[in-house]
Amino acid sequence: MGPHTSHRRSDNRQARQAGAVVPATRVWAYAALVFMLFTVAAPLGLAWGQEAPAGPATEYRDILPGVVGSRNLIWIIAQQHLLLAGFVLGVPIFAWVCEIVGVRTGDPRYDTLAKEFTKLLTSAYATTALFGGILLFLLIGLYPKLMSYLTDVFFPSFLVYCVLFLLETVTLYLYWYGWDSMQGATKGFHLFLGFLLNVFAFFIMIVPNSWATFQASPVVITEGSMWARAWAATWNPTWWPVNVHRLIANVVLGGFICGAYAGLKYLMAQSKEERVHYDWMGYVGNFIGVFGMLPLPFAGYWLMREVYQYNQQMGITLMGGFLSWLFILQAMLIGILFLGANYYFWLGIMYRIPGSEAKYRKPILAMLVILLICLGVWMTPHSLVASLEEARKMGGTHHPMLGVLGVMSAKMTVVNVMILVTFMSFVMYWRAGKQETATWAKAAKVGQGLILGIATVVILVLGVWGYFVPAITRINYFSTTQVLVMLFVLLTITPLTALVLKSAKTTTEMVWGIMPPRAAYALVLNAVMVILLMTLMGYARSSSRVHWHVYGVMQDTSPYAYSPALGYAAAFMSLNTFLFCLMVAFIFWVASLGGEKKGGAPGKARVKEAVRPAVAGAR
Amino acid sequence: MTEVQLLQTIGLSVVGLGGAILLFVKARFVRVVAFVSIVLGGFTLVALSIPQMASLPPGVEKFDVASIKDKKELASIGQKIFFGKGQCALCHTIGTGEGRCPDLKGIGSKLTRDFMYESLTQPQAYVYKDYEHVGPAKFFPAKMPYINKKPIGLSKNEILAVIAFLQNMSGEEVTVELSEIEVPGSAGSASRRGVL
């Protein structure tokens, strides 16, 4: 017994001698502890004293069948957990990138923005863990057979997951609480902590991804150690495609949620300083969201290829079976997202750069028309809903003209064109209000025009050609070439524009804080679209397993072994999106209670900084 | 009121309420909530306007083996399995020729019964090579699944019924004998009692 203990005893003795009363809260705490011990120990004691009841093990339990039902309850809780997880994994990436930009540019706004978002992490992290805990308890209680099987397969990775959580928590505490003390000479270490935070967060994401992807594309081996079996199950065919897809999607989610938060705060701003700050924040959020969104369709494309490779039936169920209409909804949501992101850029040109309206009106109109045409093509279904008579007149469910647009060749083409248009919106915004002074600027502009023009022609030609070659040639060569051409445009025009604008003269100062309210609503819309997309594709991924808990290995024999129709599912997606938005709003509000000093609300010092250049194009 | 109608009513109410808030309420946070509600309500209404198809687990159709009178009836059972539990029609077409996999029109006259049986139970043994794509090698093969294994898992009796259907729809004589249909639990028995 060390001196510390005896010291405490002596304190207690002194307290008793002084006639001190134990605080009421402590009495309640002891009472609660005794009650918990009793409630836990009593059933244990009973179980100890008697034989376990004979009979088959429980496979399923239900909660309020007909009203909620176990499946719907799991759906809501799992979706909330997943969205929150996307948020808490996306925000550190977002914050860390902002912090790096702040260090590189010397602009304190980025550091403040990064800190403002990191502040959310502590409460958001706890809420995510809370929903994770609820989900786990419900799964164990409602789906005991499935959970027992998954535990058998994945127990080693459960342990890894726990260790990762400990590491992530410690790093997060150091990163957040050490923000102010790790400035100046120790800023590098703080950035390293941010890096570590993201590394742990990445692994925290991919470990449960292995459990979910295993259910869709299981790899089951019976030989080998516990670790060998878990590793084989982890490295299943769809694990990495989902990891990459989710990683990018989390960045997009983080960016657009930042944008939506800024939009809301912009609408509620009471002062000019606040409007300037949140207008700028909205721009940064939208920029990061769009930046992440550009490669996302191709990560999704890779995932679908892997699904087809793993199991053709599953691929057909998704793309050509009962889920095929889901992809029309997906096209609608992504199309609106593209329109929203572009609309926000265009409003920025019109309002933040006075005098640009006349110059850019026509190109913007052309871009809008192209985007709408592309969206129309993307949303064209392969087969139409038609009455028997209509189908007879058309000669089938494929419309003689529109049916041509409903195939992948057309859709891949318009996706690439939409990405190019969005990219050019950004370039246009970047250039607005500046005049090039370099002698070679004109040649560079012609070169950019040629690159863009030729690339567009190549993408369109490959798209049309794709109709006349075997599907596999189109998938492996044509679609891949289209993506590479599009990436080539991004990778050549971006540095070329940066070089030209390096020596450019600013003709019109960018004015922050005068955007119309509809710009803020566009930011909110973008965030809602991303969240809805996540709920929609979650439903698709889960439904592709049809009536299997673990595809081809463990069948779902519960009364809920069916996938509901899209309308019913969409109502749930909307509900989940709404609940998540409310929860995020609550988290932001709770974080704001911490005081403006600590989190860093906009101040006068920052308003002065608002005229300094920000990230590319934000100027 | 059907489920779809109920959800449409709820969706319309949400959109209407959101619109009313945007028209009459000034509080900005409430207006943003109303805007989000309109977007979500609108999305739900769009989703309700497209074909509503639920994915039900395949029904466990029990065929009374003893009641099968002739080969035509066996072929009829095979047809149900082809379009149902067997999920064959997910990939294969019959006559339209636009499927991902070989069109099966007249397949019963092109292939022997044993070949068909092997195609279903050992799909990679030979058939795949016969259907290799012309031109560049495939990045990944569109593999025909093992029909007698999970997730489809047809029994031997069910596979024989499908073969009977394929032969029958090709105008060929059905070579599957009713005596080959096994009674579950007593393999090899000539007596036909039980279910497929």
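The values are calculated or read from the model by the stated rules, or taken from the named source; none is laboratory data. What you see is a predicted model; the values in this text were computed from it and never measured. FYI the Cβ positions are ideal-geometry reconstructions off the backbone, even for glycines, and counts take in every protein chain you see.
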Inset, instruction - May I ask you to verify whether A:Ile93 is hydrophobic (A, V, I, L, M, F, W, C) and touching a Ser or Thr at 6+ places or on another chain (Cβ under 7 Å)? - result: no
Inset, instruction - Kindly indicate whether any position in region A:504-518 is assigned to a helix (DSSP H, G or I) and within 14 Å of chain B (Cβ to nearest Cβ). - result: yes
Legend entry - Meets criteria (among the basic types (Lys, Arg), over 30 Å from A:Asp279 (Cα atoms) and assigned to a helix (DSSP H, G or I)) for A:Lys145: yes
Inset, instruction - Considering every residue within region A:587-599, establish whether at least one is modelled with pLDDT of 80 or more, farther than 24 Å from A:Phe94 by Cβ and within 14 Å of chain B (Cβ to nearest Cβ). - result: no
Legend entry - B:Leu178, sole failed condition from (1) at positive phi; (2) modelled with pLDDT of 75 or more: (1)
Inset, instruction - Please work out which residue is surrounded by the most Cβ atoms within 10 Å (Cβ to Cβ), limiting yourself to region A:569-591 and to residues that are aromatic (Phe, Trp, Tyr) and without any contact (Cβ under 8 Å) to a residue 12 or more places away in the chain. - result: A:Phe578
Inset, instruction - Can you work out which of the residues in region A:572-586 that are modelled with pLDDT under 95 and in contact with a Leu (Cβ under 8 Å, 6 or more places away or on another chain) is nearest to the other protein chains (Cβ to nearest Cβ)? - result: A:Ala585
Inset, instruction - Determine which member of the set A:Ile140, A:Ile100, A:Ile74, A:Ile134 is over 28 Å from A:Ala540 (Cα atoms) and at pLDDT 90 or above. - result: A:Ile100
Legend entry - A:Ala438 crowded, with 16+ Cβ neighbours inside 10 Å and away from chain B (no Cβ under 14 Å): no
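From the list A:Phe345, A:Phe338, which one is closer than 30 Å to B:Gly42 by Cα, touching a Cys at 6+ places or on another chain (Cβ under 9 Å) and away from chain B (no Cβ under 14 Å)? Spell out how you get there, then give the answer.
On the way: A:Phe345 fails: touching a Cys at 6+ places or on another chain (Cβ under 9 Å).
Answer to the selection: A:Phe338.
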Legend entry - Search result, residues across region B:45-82 that are within 14 Å of chain A (Cβ to nearest Cβ) and more than 30 Å from B:Val14 (Cβ to Cβ): B:Pro57, B:Pro58, B:Gly59, B:Val60
Inset, instruction - Consider only pairs whose beta carbons are under 7 Å apart and that are at least six residues apart or on different chains; among these, list those whose first residue lies in region B:148-172 and is within 14 Å of chain A (Cβ to nearest Cβ) and whose second residue is basic (Lys, Arg). - result: B:Leu154/B:Lys85
Inset, instruction - Of the conditions (1) surrounded by 14 or more Cβ atoms within 10 Å (Cβ to Cβ); (2) modelled with pLDDT under 95, B:Lys72 clears all except one; give me its number. - result: (1)
Legend entry - Condition broken by A:Ala95, with the remaining ones in (1) touching a residue at least 12 places away in the same chain (Cβ under 8 Å); (2) under 30 Å from A:Val68 (Cβ atoms) satisfied: (2)
Inset, instruction - Of the conditions (1) within 11 Å of chain B (Cβ to nearest Cβ); (2) outside any helix (DSSP H, G or I); (3) surrounded by 19 or more Cβ atoms within 10 Å (Cβ to Cβ), A:Thr317 clears all except one; give me its number. - result: (2)
Inset, instruction - Those residues that are within 10 Å of another protein chain (Cβ to nearest Cβ), crowded, with 19+ Cβ neighbours inside 10 Å and in contact (Cβ under 8 Å) with a residue 12 or more places away in the chain, I need them from region B:8-32; list them, please. - result: B:Gly11, B:Val14
Legend entry - Residue satisfying condition, being surrounded by fewer than 22 Cβ atoms within 10 Å (Cβ to Cβ) and free of Cβ contacts under 8 Å to residues at least 12 places away in the same chain, within set A:Tyr301, A:Tyr360, A:Tyr351, A:Tyr308: A:Tyr308
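The rows are residues; the columns are (1) in contact with a Phe, Trp or Tyr (Cβ under 6 Å, 6 or more places away or on another chain); (2) assigned to a helix (DSSP H, G or I); (3) of a type outside the set (Phe, Trp, Tyr).
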{"position": "A:Ala78", "(1), (2), (3)": "no, yes, yes"}
{"position": "A:Gly86", "(1), (2), (3)": "no, yes, yes"}
{"position": "A:Cys98", "(1), (2), (3)": "yes, yes, yes"}
{"position": "A:Arg104", "(1), (2), (3)": "no, yes, yes"}
{"position": "A:Tyr125", "(1), (2), (3)": "no, yes, no"}
{"position": "A:Gly132", "(1), (2), (3)": "no, yes, yes"}
Inset, instruction - Please find, among A:Ile373, A:Ile334, the residue that is under 23 Å from the mean Cα position of the chain (by Cα) and under 19 Å from A:Ser425 (Cβ atoms). - result: A:Ile334
Legend entry - Criterion violated by B:Gly42 - all others in (1) surrounded by 15 or more Cβ atoms within 10 Å (Cβ to Cβ); (2) more than 13 Å from chain A (Cβ to nearest Cβ) satisfied: (2)
Legend entry - Residue within region A:380-391 that is within 21 Å of A:Lys362 (Cα to Cα), touching a Gly at 6+ places or on another chain (Cβ under 9 Å), outside any helix (DSSP H, G or I) and at pLDDT below 85 present: no
Legend entry - Top-ranked residue in region A:522-568 [being assigned to a helix (DSSP H, G or I) and surrounded by fewer than 21 Cβ atoms within 10 Å (Cβ to Cβ); ranked as nearest to the other protein chains (Cβ to nearest Cβ)]: A:Tyr568
